[in-house]
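Contents: one structure, followed by commentary.
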Amino acid sequence: MARRAAVLVLLALVALPWASPGVASAEQLALSSSAFLGLRARAVTGTTARADLASGLSKLLAGAVGDAQLQVSAAAGHGVSVRSEAFVFGDPGTGARVLAAWVGEHRASRVALGQTAGQWTRRFAHAAVAAVAWREGDVIGLIVVDAGRTSAAARALEYARLEDSNLRIPLPATAWDRVLAQVRPDGMVSKQTALEAFALEYGSVPGVHPPGGPRGVALSGDVAQDWILPYLSRLTRRQQRIVDDRLGFQTGARRVADAACAVCDYGDLTFMQNAKLQAIADKWEADYAAQLGPLGMSLVVGTADQPATEALALADAAPLNNALGSTRTGPPSICRVRMFPIGLSQSALGQGWTLAHEVFHCFEFRILGAGAWSNRPKDWVMEGLASWAAFAVDPVDFTVAVSKLLQYVGVPERARARSGTRSGQASCACLRATPTGT
C-alpha cells in the first residue's frame, strides 16, 4: 500500500503549478536570470566580464582570455549585484594556466569546487566584493558578487556551485542527445523539437531534419509520442498521416470506429500479437496490480515493424479505444504495447525490463483516463516513474539496463541539455519535457 500511495501522490503532484528551479537552461553555461531569485536582470558587457578574469594576468594569458568564448549574465537589486561568467578555452591546459595565474594574482584562497578553484573577498566600510573562479575541463566559471560585508563571500560561493552544475554537463554524443538538448529550462519543447524527436524515434517525417551525428538509442517511443500529440492538429496533413500511421492510431475519418474486425491490428497494420511477450507483460501487470489495483483495461502486447534503419525506439505503449486503434474518445479501454526491431535485438533480460517499463505506462493511462490522449504529465513523471517502477519489479543486473539508468539519473540537468557546444541528458531530468505551444 505504501508503494501504491507513493505513485498516486506523485501523479497527483503534476496538477500543482511547479516552479522551474533557479538554474539556467543548459543551453547556457552562465546562470540565467531565473537563477537570481529576487534580483532583476541587468546588462553587462563582454569587456567587463573579460576584465574580471584577465586583470593582472600576463599579456599572453590575457590574450587567451580575450580569445575564449564567453557567456555572461548579471542581476542586481536590494543592495546586491551579481555577475555570472563562463569562459570556454578549447584546451584544458590553457584554462588551468589562466586559473592558476588568477588565483596567484588575487591571492585567492582554495575552495572545494570543480577541478580546482579559488575565492577572494575585498571588504570595505559598508560592503564587500567577492569572486569565485573554478575550472571544469576547458571551461572557467567566474562569479563576482557585490553585497554586504558579511554576505558577499557566501553568496558568491552559492552562485558558483549553482553555475558549476551547468559546466559539468557533458557534451551531447548522439543525434538523440542533441534533440534532448533542445528541452527548455521549464521542461517545455517546441513543435520543431517534437517533430525531430518523432523522426528519430519513429522514422523520417516530411520537412523534418533531425540533428546529425550518430543516431543513438532512445529508451522508448513514449517520449516522442508525449511531445507530438499536443501538436498534431498543427502539423501538415501529410505529417499528421505519418504520425498517426507510425503511432498506430486510427481516426474516425479513416475507419468506422464501431466496425467489427476479423483480424484486429490495433491500429498498426504491422502489429502482430506475440504470446511470449504477452506472458512477460502479464506478469508485470499482475505485479503492479498488487500495488495499484486492477489495470481495468485490456493489455495487448506484440511486435511491430517500424523502419529498423531509421527508428530508434525500443518499444512504446499507447492507449486505445478499441481493437481498430481508435483514439481520443473518452477513457481508453485497451493498452497496446509494441516491441520494435531494436527492442527485439536486446537480450531476454533487456526485453523483460523494457516491457516492465511499458506496462507501467498502461497504469498511468488508467489513472489519467481521458487525459491519456493529450493531457499527460511532464516526462519526468511519465518516464521517470515508469523506469523507477520497472527497476522495482525487475531489478535486473546493472549491466543490462545501465544505459537506461544513466539516462534518467546520471546527470540531473539532462532535461536542460544544451543544443550548442556543450550538453547532456537529463536524469529524470531528461525527462521533464512538455510542448510549448510554439
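The values are calculated or read from the model by the stated rules, or taken from the named source; none is laboratory data. Every value quoted in this text rests on a predicted model; they were computed, and no experiment measured them. Cβ coordinates were reconstructed from backbone atoms using ideal geometry, including for glycine residues, and neighbour counts include every protein chain displayed.
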Please verify whether segment 327-335 includes one or more residues that are basic (Lys, Arg), crowded, with 23+ Cβ neighbours inside 10 Å and within 20 Å of Asp268 (Cα to Cα).
no
Does Val359 meet the test of being outside any helix (DSSP H, G or I) and either in contact with a Gly (Cβ under 9 Å, 6 or more places away or on another chain) or at pLDDT 85 or above (or both)?
no
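Which one of Gly350, Gly371 is part of a helix (DSSP H, G or I), without any contact (Cβ under 8 Å) to a residue 40 or more places away in the chain, more than 19 Å from the chain's Cα centre (by Cα) and in the same structural domain as Ser190 (by TED's automatic domain parsing)? Give the steps one after another, and end with the answer.
Values: Gly350 fails: without any contact (Cβ under 8 Å) to a residue 40 or more places away in the chain.
Result: Gly371 is the single residue among Gly350, Gly371 that is part of a helix (DSSP H, G or I), without any contact (Cβ under 8 Å) to a residue 40 or more places away in the chain, more than 19 Å from the chain's Cα centre (by Cα) and in the same structural domain as Ser190 (by TED's automatic domain parsing).
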Output the residue which, of all residues in segment 1-57 that are at pLDDT below 90 and among the hydroxyl-bearing types (Ser, Thr, Tyr), is nearest to the chain's Cα centre (by Cα).
Ser25
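Give the residues of segment 208-242 that are assigned to a helix (DSSP H, G or I) and aliphatic (A, V, I, L, M), sorted by residue number.
In the first step, residues of segment 208-242 are kept if they are assigned to a helix (DSSP H, G or I); the result is 222-234, 237-242.
The answer is Val223, Ala224, Ile228, Leu229, Leu232, Ile242.
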Out of all the residues in segment 290-306, which are over 29 Å from the mean Cα position of the chain (by Cα) and in contact (Cβ under 8 Å) with a residue 60 or more places away in the chain?
Gly293, Gly296, Met297
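It is to be established whether one or more residues within segment 273-283 are of a type outside the set (Val, Ile, Thr), crowded, with 20+ Cβ neighbours inside 10 Å and modelled with pLDDT of 90 or more. Spell out the reasoning first.
At the first step, the residues of segment 273-283 found to be of a type outside the set (Val, Ile, Thr) are 273-279, 281-283.
Applying the additional criterion that residues be crowded, with 20+ Cβ neighbours inside 10 Å yields 277, 281.
Remaining after also requiring modelled with pLDDT of 90 or more: 277, 281.
Yes.
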So, in segment 190-218, of the ones that are under 15 Å from the mean Cα position of the chain (by Cα) and hydroxyl-bearing (Ser, Thr, Tyr), which residue ends up nearest to Asp268 (Cα to Cα)?
Thr193
Which pairs have Cβ atoms under 6 Å, sit 6 or more apart or on different chains, and link a residue in segment 186-198 that is of a type in the set (Val, Ile, Thr) to one that is in a helix (DSSP H, G or I)?
Val189/Trp227
Which condition does Asp164 not pass, out of (1) crowded, with 17+ Cβ neighbours inside 10 Å; (2) assigned to a loop (DSSP other than H, G, I, E, B); (3) without any contact (Cβ under 8 Å) to a residue 60 or more places away in the chain, if it passes all the others?
(2)
What number of residues in segment 73-99 are over 17 Å from Val144 (Cα atoms), among the small types (Gly, Ala, Ser) and touching a Ser or Thr at 6+ places or on another chain (Cβ under 8 Å)?
1
